[in-house]
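Notes for the one structure printed next.
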Amino acid sequence: MTEPVHVIRKLEQALADDDFAWSLLLVGEDQTDKLATLTGDLRGPFSRTGDGKQITSGFSYWGIGPTIAWANATNDPFYLVMKAGAESFLRHWRRVRPHVEDGGFHFVSLGVGTGVKDRTILEDLYRLNPTMFYIPVDMSSEMLRMGSLEPVRGARFPVAQVLPVQLDFSIPDNMKELGQMLARLVGAEPILYTLTGNTLANFESDQEILATITRVLRPQDRLLLEVASTSRLDQAAAKEAADEYHQTRAFAEFVTSALRYNTDLKIDNDRLDFRGEVESDDALRVKIVWKNNTGKPIVMGLPDHTEVVLDEEDTILLYTTRKFSTERLKKLTEACDLIPVEHAYSQFRHTRRPSPFGLDLLLLAPGAVKETLPTLADDIWNR
């Protein structure tokens with residue numbers, strides 16, 4: 001009696017010559033739980049400062065509406081942070097690439113986005129290791145489908161070596177399970193994890209999310225981290241950082257899309273407030289909030305068909321982002337026991353006057369390899 005053929009192998013064969021737009025997806029979470037979480041966050045207490053009701057980071061991209069809105073925002077030439085990131089990434093990656101050329105790395109992309117940066121990385125890693133796996137991870141299955149098409153088609157990467165994973169990697173237990181599954185999948189072979197696009201800045205606690213990711217790194221693994229940075233820490237710079245997001249309508253459409261598609265709230269961009277502030281004397285934080293400035297209470301319907309009253313001056317936090325100082329990056333990496341291996345930096349040059357803002361790309365290794373790995377830590381933190 002012949003051994004049965006595993007369904008995954010049969011499916012791979014069935015799709016090999018099919019030009020229909022099939023895509024495989026490994027679902028790691030119950031989506032009803034995510035909807036309950038979103039609904040609970042929108043029932044938060046009254047706050048004038050965006051510290052009550054909120055759309056937490058992953059939910060900004062969750063669902064087809066926010067995914068399309070995000071794609072539109074990334075193509076807006078007035079979204080300067082995104083534009084500068086796209087223009088500088090290839091140059092930054094070329095500086096980092098020599099440090100991962102000899103390892104035979106697999107590629108795990110945390111927060112796939114549009115997939116443009118993943119394509120750059122995948123083309124090089126696939127040339128160096130034709131048997132590698134590409135594993136994009138995102139809370140939004142729609143974002144995974146959209147974001148993984150670009151790198152796979154662009155790099156002509158085999159679909160049989162792609163495993164999109166729907167998972168909220170900001171939850172420690174989820175990240176732990178992901179790390180264990182990947183270790184069983186690739187054995188002792190190294191993994192390059194990436195967190196690009198300044199995604200680290202979107203979480204309430206940047207240190208907690210970085211620590212959550214760091215815990216799954218084995219000595220042979222590496223983390224590629226891209227963040228927006230600032231050389232000034234004053235209120236004028238904080239206002240300038242907020243204005244970057246205020247000047248693009250496409251970004252406003254994106255940042256309100258989670259409310260638009262998950263509540264019955266009438267969206268008016270005149271109720272958006274872009275607030276810049278200095279955070280802990282080592283970063284600039286931008287909070288984008290919806291504010292009830294109508295002069296009267298508003299009733300908002302929630303996904304579970306219940307309602308919540310938004311009193312006058314109440315707010316809903318829609319989006320958080322940051323620009324990190326060198327000191328903040330040093331604190332974060334040291335707190336998470338991460339060692340800089342390589343670093344690339346570009347200053348924004350899209351304005352007539354000098355800008356304090358830039359983008360940093362850091363290749364990081366877990367502290368367990370400290371004794372054997374030469375680092376550029378002193379050069380990076382002294383710039």
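Here are a few things to note about the model shown:
- Residue 14 being part of a loop (DSSP other than H, G, I, E, B), farther than 30 Å from residue 344 by Cβ and aliphatic (A, V, I, L, M): no
- Residue check, residue 51 free of Cβ contacts under 8 Å to residues at least 40 places away in the same chain and in contact with a strand residue (DSSP E or B) (Cβ under 8 Å, 6 or more places away or on another chain): no
- Selected residue (criterion: surrounded by the fewest Cβ atoms within 10 Å (Cβ to Cβ)) from residues of the stretch 144-160 that are assigned to a helix (DSSP H, G or I) and in contact with a strand residue (DSSP E or B) (Cβ under 9 Å, 6 or more places away or on another chain): 152
- Conditions (1) touching a His at 6+ places or on another chain (Cβ under 9 Å); (2) touching a residue at least 60 places away in the same chain (Cβ under 8 Å); number of the one not met by residue 132: (2)
- Pairs where the first residue, in the stretch 245-259, is within 10 Å of residue 288 (Cα to Cα) and the second is basic (Lys, Arg) and part of a helix (DSSP H, G or I), C-beta under 6 Å, 6+ apart: none
- Boolean, residue 293 is more than 30 Å from residue 359 (Cβ to Cβ) and either surrounded by fewer than 21 Cβ atoms within 10 Å (Cβ to Cβ) or touching a helix residue (DSSP H, G or I) at 6+ places or on another chain (Cβ under 9 Å) (or both): yes
- Scanning the stretch 208-223 for residues that are in contact with a helix residue (DSSP H, G or I) (Cβ under 7 Å, 6 or more places away or on another chain), under 24 Å from residue 101 (Cα atoms) and among the hydrophobic types (A, V, I, L, M, F, W, C) gives 213, 216, 223.
- The stretch 320-332 residues that are within 17 Å of residue 80 (Cα to Cα), paired with ones that are β-branched (Val, Ile, Thr) and surrounded by fewer than 21 Cβ atoms within 10 Å (Cβ to Cβ) (beta carbon under 8 Å, 6 or more apart): none
- If the condition is being buried (at least 24 other Cβ atoms within 10 Å of the Cβ) and not hydrophobic (A, V, I, L, M, F, W, C), then the stretch 112-138 contributes 117, 118, 134, 136, 138.
- Candidates 29, 3 - the one that is more than 29 Å from the chain's Cα centre (by Cα) and either part of a loop (DSSP other than H, G, I, E, B) or at pLDDT below 75 (or both): 3
- Residues considered: 58, 50, 85. Of these, the only one that is out of contact with any His (no Cβ under 6 Å at 6 or more places or on another chain) and on the phi > 0 side of the Ramachandran plot is 50.
- When 213, 288 are checked against the criterion of being surrounded by 14 or more Cβ atoms within 10 Å (Cβ to Cβ), assigned to a helix (DSSP H, G or I) and modelled with pLDDT of 95 or more, a single residue qualifies: 213.
- Per the conditions (1) surrounded by fewer than 20 Cβ atoms within 10 Å (Cβ to Cβ); (2) more than 25 Å from residue 361 (Cα to Cα); (3) touching a helix residue (DSSP H, G or I) at 6+ places or on another chain (Cβ under 8 Å); (4) among the polar types (S, T, N, Q), the sole criterion not satisfied by residue 262 is (1).
The values are calculated or read from the model by the stated rules, or taken from the named source; none is laboratory data. Being a predicted model, the structure only gives us computed values, none of them experimental. Using ideal geometry, Cβ is built from the backbone for each residue, glycine included, and neighbour counts are taken over all protein chains shown.
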